[in-house]
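Notes for the one structure printed next.
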Amino acid sequence: MSEAVQEPAAAPEPSHLKGLNPEQRQAIESLDGPVLVLAGAGTGKTRVLTSRLVQLLWTRKARPFELLAVTFTNKAAREMKDRVGGLLGRPVEGWWLGTFHSLAARILREQAEQAGLKPNFTILDTDDQLRLLKQILEAEGFDDKKWPARVILSAFERWKDRGLTPDKVSAGEAGDVAGGRAVELYRAYQARLLALNACDFGNLLLHNLTLFQADPEVLKVYQDRFRFLLVDEYQDSNVAQYLWLRLLAQGHSNICCVGDDDQSIYGWRGAEVGNILRFEKDFPGATVIRLERNYRSTPNILAAASGLIAHNEGRLGKTLWTEAEADPGPPVRIRGLWDGEAEARFVGEEIEALQRKRHCLSEIAVLVRTGAQTREFEERFITLGLPYRVVGGPRFYERREIRDALAYLRILASPSDDLAFERIVNVPKRGIGDATLRLIHAASRAGDKPLLAAAADLVQTDELRPAARRSLGDLITGFVRWRQLTDQIPHTELAEIVLDESGYTAMWQADLSADAPGRLENLKELVSAMAEFESLAGFLEHVSLVMETIQGEGQDLVTVMTLHSAKGLEFDTVFLAGWEEGLFPNQRALDETGLKGLEEERRLAYVGLTRARRQAIVSFAANRRLHGSWAAAIPSRFVDELPRDHVEVESDAGLYGATAGGFGPRVGFDDWQTNRWSPGLERAQRNRDRAAPFIEGTARVTEDSGRSFAPRDRIFHRKYGYGTITAVDGDRLTVDFDKAGTKHAFAGFVVPEHLAG
């Protein structure tokens, strides 16, 4: 009897292909031709990218030196190298795997002479760039105060991000920067860099583009070398990066871009979401694979995020889903509060409740739209003793602009504060250098006087250069005048005067760098914080106590950060604070870029929601203190766009009983949700009224919203306290407050005295 033929054993599946879902596997195995992988939040993007790279090697489609893998950050590049090395079982060294700038620098060193450089060229940092440009401006007779070097350098950087050399910048592009001479300065700056055998970061890609476009033979060298291109976070690419990739991909068209058009949130720094949206036009016949299965969040969170982002028109479209349908998780909670302080108090109490349930603090995040919003949360957490960390920047009172402003105020309170004087004596720039400061220190020691008093003596002599004597004299005169105002005006107004008259506010207004608007917002928030204290001395004492609270290493910490900083991270519980029109979506973004800006803001909201694994809590305030004064706010349109079946609007009826009219959860939400807000103040007022049942404390005001006040009525105002109305003009009241004096207030912000208790 013949023996049965034994089938050969199937080859074991390689480790990099194990446990993949069908879409992930397709993205990894579709190796030839252009491929766009639309990878939603939490869908395993990084694994797909690294496994695809290993698959190219495993199938012998390419050798390591024939691959070009591009990331946006050094951290992402290190992670990719570690993962690939782990899958291959050997270290990844010498491969063409890194950031755009590092890879462009490597190419440029190989082709340096073609670009007019030597291979050992220097890459300048921002300080060196500014120093170089200042030399050029001085040689050209430019007034640095009228046209700061930082402003002009920002224009150069914008042009480089768009791949524009000086000969390609049109008159329209240049505008009136540097009095219409910006292109001339750009040309001189570029020439000076070449003479110094130096590059800035923008030049690395710009030189690559110039070489590739001017010399087809050089381009062909790299097209032949890199048979396969892999690109991470493609939605964040700018024009120069896009052009660089397109030129390299024209050799074989084996380019795979992984990204998410719904997470393109960096338009303010040059990213073009259009790059990913037109991929199929740039590479006809491209394979588009959607990764929609989410491994991070609950069904309710995913449905809420998907419903929100569906309002964007500029997207390729995908819907996140998860197999965990049996456990949909809690709905996205929406909570309205009276003001920012109440919002911080609510978040703090919620975190304490989670902590009692043994929820890990490091799995909790508070995400805000702007850095200035962190202050109220930081102070509340300090009061509660909740350990926290601020990611993406220092804590509020440790920020440079806040420390500078506080130094001015400390000198007003204590003229002998030498450390504060040293910090701001030349901030903003007054031409007071080290030599002048040494003379002030010598006079201080000789006369046994504080630095400020010694400086006042010095300006009466001829020991200082005329320019330094004049600017130092102006500063000292300013401090004399400001100190005279200390007992005459509120300390918040005094702070605004000091920041304005010292030139400090103007310094940041003239700064066109990406972080300047945030610094200005932080200064406004500082003034708002001062309004909570009776005096400047009381506020400075509070700040000193806050600064003494040192964050311990290795602790279990709540994370506080902006939405931009949160991209790529995930937490069990996420608080999304400040969802109000003007704050989020940010009014500046809407004013500057219109619908494009609105859609990017909505993508930012989507990113925030999808950071949460188990629970997301959205909050907004009915009132915000802006520039030291209260302003009414309405919920963000993004609140309105969240699908009602996956959210829970919380009422504060339990806190206010019959005063709130006994509103239970979700009462009134149908009307709020189905009547979409139209633009304008009428919409704002109408929907503010509709949202009132969900806002802590507004019931007391709403109860009397139709009340007509009259002179001699006694009222209560949250900021100014008790007072007597002296005049009525429509809804505008003139009130003689018991402690704050005569002020103007709107009727909607006061309540009768008998209801204030």
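See the values below:
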{"read-out": "Cα-centred dipole magnitude for the chain, charges only on beta-carbon of K, R (+1) and D, E (-1), debye, nearest 20", "value": "1120"}
{"read-out": "Distance violations [Cα-Cα > 18 Å] among LYS45/LYS81; LYS75/LYS567; LYS160/LYS281; LYS145/LYS429; LYS45/LYS318; LYS45/LYS596", "value": "LYS160/LYS281; LYS45/LYS596"}
{"read-out": "Segments 443-451, 381-389 sorted - mean Cβ within 10 Å per residue, highest first", "value": "381-389, 443-451"}
{"read-out": "The chain: Cα Rg divided by the 2.2 N^0.38 Å rule of thumb", "value": "1.10"}
{"read-out": "Accessible area (Å², 1.4 Å probe, nearest 10) - MET507", "value": "50"}
{"read-out": "Only Lys, Arg (+1) and Asp, Glu (-1) charged, at Cβ; the stretch 449-555 dipole about Cα centre in debye", "value": "500"}
{"read-out": "Helical mean residue ellipticity (222 nm; -39500 (n - 2.57) per DSSP H run of 4+; nearest 500) of the chain", "value": "-13500 deg cm²/dmol"}
{"read-out": "Ranking by accessible area, most exposed first, for HIS744, HIS491 with a 1.4 Å probe", "value": "HIS744, HIS491"}
{"read-out": "Cleavage-rule hits, GluC sites (Glu not before Pro), the stretch 107-142, DSSP coil, Cβ neighbours within 10 Å at most 15", "value": "GLU140"}
{"read-out": "Backbone HN-Hα couplings from phi across the stretch 112-118 [Karplus 6.51/-1.76/1.60, Hz, Gly and Pro as x]", "value": "4, 5, 5, 9, x, 10, 9"}
{"read-out": "Accessible surface of the stretch 343-435 [probe 1.4 Å, protein heavy atoms]: carbon and sulfur percent", "value": "46"}
{"read-out": "Integer Hz, Karplus 6.51/-1.76/1.60 couplings in order for the stretch 123-137, x for Gly and Pro", "value": "9, 7, 8, 4, 4, 5, 4, 5, 4, 5, 5, 4, 4, 5, 5"}
{"read-out": "Nearest-10 value in Å² for the accessible area of PHE201, using the 1.4 Å probe", "value": "110"}
{"read-out": "Sulfur and carbon atoms: percent of accessible area, the stretch 126-274 [1.4 Å]", "value": "49"}
{"read-out": "Heavy-atom surface of the chain, accessible at 1.4 Å and reported per residue (Å²)", "value": "45"}
{"read-out": "Inter-label distance for THR383 and SER362, nm, one decimal - labels placed 7 Å from Cα along Cα-to-Cβ", "value": "2.9"}
{"read-out": "R0 of 30 Å, Cβ-Cβ distance VAL221-SER30: FRET efficiency to nearest 0.05", "value": "0.65"}
{"read-out": "Stretch gain in nm, segment LEU569-ALA442, where the contour uses 0.36 nm per residue and the Cα spacing is subtracted", "value": "40.5 nm"}
{"read-out": "Dipole of the chain, positive end: most advanced residue of TYR222, ALA531, LEU609 [Cβ charges, Cα centre]", "value": "TYR222"}
{"read-out": "Amide proton proximity set for LEU230, modelled H, under 5 Å, gap of 5+", "value": "LEU68, ALA69, VAL70, CYS256"}
{"read-out": "With DNA, RNA and ligands ignored, accessible area of PHE142 (1.4 Å probe; Å², nearest 10)", "value": "40"}
{"read-out": "Sites ALA435 and ALA191, calculated FRET efficiency, Cβ-Cβ separation with R0 51 Å, nearest 0.05", "value": "0.95"}
{"read-out": "D (Stokes-Einstein, µm²/s), Kirkwood Cα radius, the stretch 419-549, 1.306 mPa s at 10 °C", "value": "97"}
{"read-out": "Amide H partners (placed H, <5 Å) of PHE737, local residues excluded", "value": "THR724, THR742, LYS743"}
{"read-out": "Check: the stretch 260-352 dipole with +1 on Lys, Arg Cβ and -1 on Asp, Glu Cβ, in debye", "value": "380"}
{"read-out": "Positive-end extreme of charge dipole, the stretch 262-343 - chosen from PRO330, ILE309, ALA342 (charges on Cβ)", "value": "ILE309"}
{"read-out": "Percent of beta bridges antiparallel (DSSP, the chain, rounded to nearest 5)", "value": "30"}
{"read-out": "Nearest-0.05 FRET efficiency for ARG714 and ASP500, computed from C-beta distance (R0 56 Å)", "value": "0.95"}
{"read-out": "Distant alpha-carbon pairs in the stretch 1-150 (separation over 26 angstrom), percent", "value": "50"}
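The values are calculated or read from the model by the stated rules, or taken from the named source; none is laboratory data. Every value quoted in this text rests on a predicted model; they were computed, and no experiment measured them. Positions of Cβ are backbone-derived with ideal geometry, glycine not excepted, and every protein chain shown enters the neighbour counts. Areas reflect the complete protein model, heavy atoms only, side chains present, ligands, DNA and RNA absent. Shrake-Rupley method; radii C 1.70, N 1.55, O 1.52, S 1.80 Å.
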